[in-house]
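To start, the structure itself, in structure tokens.
The values are calculated or read from the model by the stated rules, or taken from the named source; none is laboratory data. Nothing here was measured: the structure is a model prediction, and the numbers come from that model. Backbone-built Cβ (ideal geometry, glycine too); neighbour counts: all protein chains shown.
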Amino acid sequence: MWLKDLRRRWMEALAHRGRCPRCSGDRVWHNGVRLRKATVLDGDRAVYVADVPVRRLRCGGCKARWSRALEHVESRAHYQPAVVARAIARVVIDGGPTAIANEIGCDRGTLGRWVERVAKVAEPARLSRVLLAAADQPVLPALPTARTSRSARLTALGARALAVLALLEALASWHGLTPPGLAHTRRFVPADAASTGATANRGGDSVMA
């Protein structure tokens, strides 16, 4: 039922034109629809969708061309931010990467890359300062405890990834943005603070839009 309703909203969104993101002009024309694949999050379950409709648009003024992001499909990567954030939290807190990878439909190594890339998005201290500057009476989120891994480095990496996710969620909530906070990383993380490794897209496992 959830996916059926989501598909209906996707189809309704195809009629929307809006304004040009480059020149803000209102002479925006439909320029076709392409189908893409994505794995999205339905509650706690990752769902593979083989035919997500993506509206292409063209500006009649400046001739810009772009595609409009759909609900729950914010990223150009295959695995959407909500799926990535949920998987990272599970693997860092509970362990069991093989079972989690099988549920999501990805390789076990992909989970490890997600953890590392999210940990490198920005220093948690820097995100905390952004939150403190944005809120009048900020409350820093309580962080869950990362499971002790086979090495101190992996444990620290997992704990940092959890901190980054929690702070991004707090920032998104404060600004009234739709979760997950990971989908709004570029809004809160300056370009010089993000690791180039976090934005790379190898095999569709990028963690950023």
> Can you name every residue in segment 58-80 that is within 25 Å of the chain's Cα centre (by Cα) and in a strand (DSSP E or B)?
Replying inline: R65, W66, S67, L70, V73, Y79
>> Whether any residue in segment 41-62 is charged (D, E, K, R), closer than 20 Å to P179 by Cβ and in the same structural domain as L154 (by TED's automatic domain parsing) is what I want to check.
In response: no
>> With the requirement that a residue be over 17 Å from R8 (Cβ atoms), in contact with a Pro (Cβ under 8 Å, 6 or more places away or on another chain) and not polar (S, T, N, Q), what does segment 35-76 give you?
In response: A64, W66, E74
> Is it the case that P21 is assigned to a strand (DSSP E or B) and surrounded by fewer than 18 Cβ atoms within 10 Å (Cβ to Cβ)?
Replying inline: no
> In segment 71-111, which residues are of a type in the set (G, A, S) and surrounded by fewer than 17 Cβ atoms within 10 Å (Cβ to Cβ)?
Replying inline: G95, G96, A99, G105, G109
>> Restricting to segment 85-106, name every residue that is in contact (Cβ under 8 Å) with a residue 12 or more places away in the chain and either outside the structural domain of A183 (by TED's automatic domain parsing) or not hydrophobic (A, V, I, L, M, F, W, C) (or both).
In response: R86, D94, G95, P97, E103, G105
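Quick grid of which residues meet (1) outside the structural domain of E116 (by TED's automatic domain parsing); (2) within 15 Å of I93 (Cα to Cα); (3) surrounded by 15 or more Cβ atoms within 10 Å (Cβ to Cβ):
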{"site": "R147", "(1), (2), (3)": "no, yes, yes"}
{"site": "T155", "(1), (2), (3)": "no, yes, yes"}
{"site": "L165", "(1), (2), (3)": "no, yes, yes"}
{"site": "T178", "(1), (2), (3)": "no, no, no"}
{"site": "G181", "(1), (2), (3)": "no, no, yes"}
> Got a sec? Which of A146, A172 is touching a helix residue (DSSP H, G or I) at 6+ places or on another chain (Cβ under 7 Å), under 24 Å from A46 (Cβ atoms) and part of a loop (DSSP other than H, G, I, E, B)?
Replying inline: A146
